[in-house]
Amino acid sequence: MIDLEERIRGSLLAGAVGDALGAPVEFLSLKEIHDRHGSRGVTGPLPSYGQPFAITDDTQMTLFVAEGLVLASRAGALQKPSERLRILHRAHLRWLRSQGASSRHPTFGRCEDEGWLIGLEELHQRRAPGHTCLSGLQSPRMGTIEEPLNTSKGCGGVMRVAPVGLALGVQDPFRLGAEVAALTHGHPSGYLSAGFLAAVLRSLLAGDDLRQACTAALEELARWPGHEETTEAVRSALSLAGNGEPTPERLETLGGAWVGEEALAIALYCVLVSENLEAVLLLAVNHGGDSDSTGAIAGNIAGAVWGAGGIPANWIEPLELRDEIEKLAELVRTGGA
């Protein structure tokens with residue numbers, strides 16, 4: 001029996017491991033991956049960004065979201081929609097500051113005094129941050145679902161919201177996941193894919209299997225305007241997972257994962273067709289698309305299914321910021337107590 005602590009820790013750790021596995025092959029085609037790494041592609045940790053096993057902006061931002069949730073919990077704000085979103089936005093602004101960028105938002109100058117991640121030198125590294133994430137946070141106002149900043153549906157929204165589904169003090173993970181993504185991504189497919197992921201993770205923590213979790217999340221998704229693209233992408237993943245053996249070529253029929261609904265669909269497919277967490281992550285990164293993001297999202301889901309014990313030990317050991325990730329997992333679980 002996998003307990004709650006193991007699932008939450010597993011989700012954040014496996015997300016970071018998937019991110020790090022995909023980092024060296026992001027932007028490569030499947031042929032280029034095979035040319036560089038052989039017919040099996042990536043089979044384990046590889047160096048990138050001058051580190052033995054480096055995380056990217058996906059995990060960096062995920063950690064700042066987790067920090068924001070912990071701070072919101074400590075402030076008693078998790079059930080106060082406006083206040084919790086303001087706290088989470090300021091956490092994003094601290095990530096922006098860690099990237100050496102500034103913002104025209106009026107709270108940018110004050111956000112540095114909150115939280116503790118901004119003090120970690122390892123997070124002050126640029127790891128190919130997304131343009132939409134940067135530009136959205138540089139805006140003088142906060143993006144919301146009702147007043148979007150843009151029409152972007154890039155996967156930069158869904159790849160960072162896993163902590164929302166893991167924080168048990170959040171009673172409406174779908175809505176908050178969507179709101180967190182909408183801070184930067186204004187297209188419904190950019191933020192509804194994030195809400196879907198948060199809802200799925202919450203269901204997995206409650207003991208549902210992944211197909212059950214997807215069925216429940218699809219019901220919630222159908223209530224939101226503009227859900228059609230995300231609904232179709234999820235249904236395509238569920239259908240593909242029930243037909244034929246998994247291959248990178250079949251996976252690529254779901255898209256390249258550069259947009260939110262495709263990244264979500266690929267991650268779901270990888271978990272649905274795999275027998276263990278290792279197989280999930282290797283399938284999730286060995287394709288010609290946004291490999292680190294699909295690795296991260298698939299890892300978040302798979303970690304909640306199999307727990308931290310399902311991650312190969314020799315993959316966890318060299319992981320950048322492993323200790324900090326584990327500490328944040330515990331704080332997310334306890335609400336920062």
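Listing for the model above:
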quantity: Theoretical FRET efficiency, 1/(1+(r/R0)^6), r = Cβ-Cβ of T43 and T334, R0 45 Å, to 0.05; calculated: 0.80
quantity: Mean-position separation - Cα centroids, the stretch 269-332 and the stretch 143-160, in angstrom; calculated: 24
quantity: Cα-based reach from K80 at 26 Å (exclusive), listing lysines while leaving out same-chain residues under 8 positions away; calculated: K327
quantity: Pairwise label distance in nanometres, A279 with Q171, each label 7 Å out on the Cα-Cβ vector; calculated: 4.1
quantity: Cut-off under 5 Å, modelled amide H: who pairs with V259 long-range; calculated: C155
quantity: Alpha-carbon centroids, the stretch 11-30 and the stretch 168-235: separation in whole Å; calculated: 22
quantity: Order of F53, F27 - criterion: other Cβ atoms within 10 Å of each residue's Cβ, fewest first; calculated: F27, F53
quantity: Chain lengthening between E317 and D35 when straightened (0.36 nm per residue, less Cα-Cα); calculated: 98.8 nm
quantity: Residue among H185, H92, H124 with the largest mean-square fluctuation in a Gaussian network model of the chain, springs linking Cα atoms under 10 Å; calculated: H124
quantity: Residues with amide H under 5 Å from that of N286, placed H, sequence gap 5 or more; calculated: none
quantity: 3J(HN,Hα) from dihedral phi, the stretch 110-121, Karplus parametrisation 6.51/-1.76/1.60, rounded to Hz, x for glycine, proline; calculated: 9, 5, 5, 7, 9, x, 10, 5, 4, x, 8, 4
quantity: Pairwise FRET efficiency - S135 versus D208, Cβ, R0 = 45 Å, nearest 0.05; calculated: 0.75
quantity: Highest-first arrangement of 229-237, 258-266, where packing means the average Cβ count within 10 Å; calculated: 258-266, 229-237
quantity: Relative contact order for the chain, counting Cα pairs under 8 Å that sit 6 or more residues apart, in percent; calculated: 31
quantity: Spatially proximal aspartates and glutamates relative to K31 (Cα-Cα < 15 Å; intrachain offsets below 8 disregarded); calculated: E249, E252, D290
quantity: Cβ-defined net charge surrounding A167, 14 Å radius [Lys, Arg +1; Asp, Glu -1]; calculated: +3
quantity: Selected from D58, D19, D172 as most flexible by GNM, with the chain as the system and alpha-carbon contacts under 10 Å; calculated: D172
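FYI, it's all coordinate maths here, none of it is from the lab. A quick note: this is a predicted structure, and the numbers were derived from the prediction, not measured. In this analysis, Cβ positions are derived from the backbone assuming ideal geometry, glycine residues included, and neighbour counts consider all displayed protein chains.
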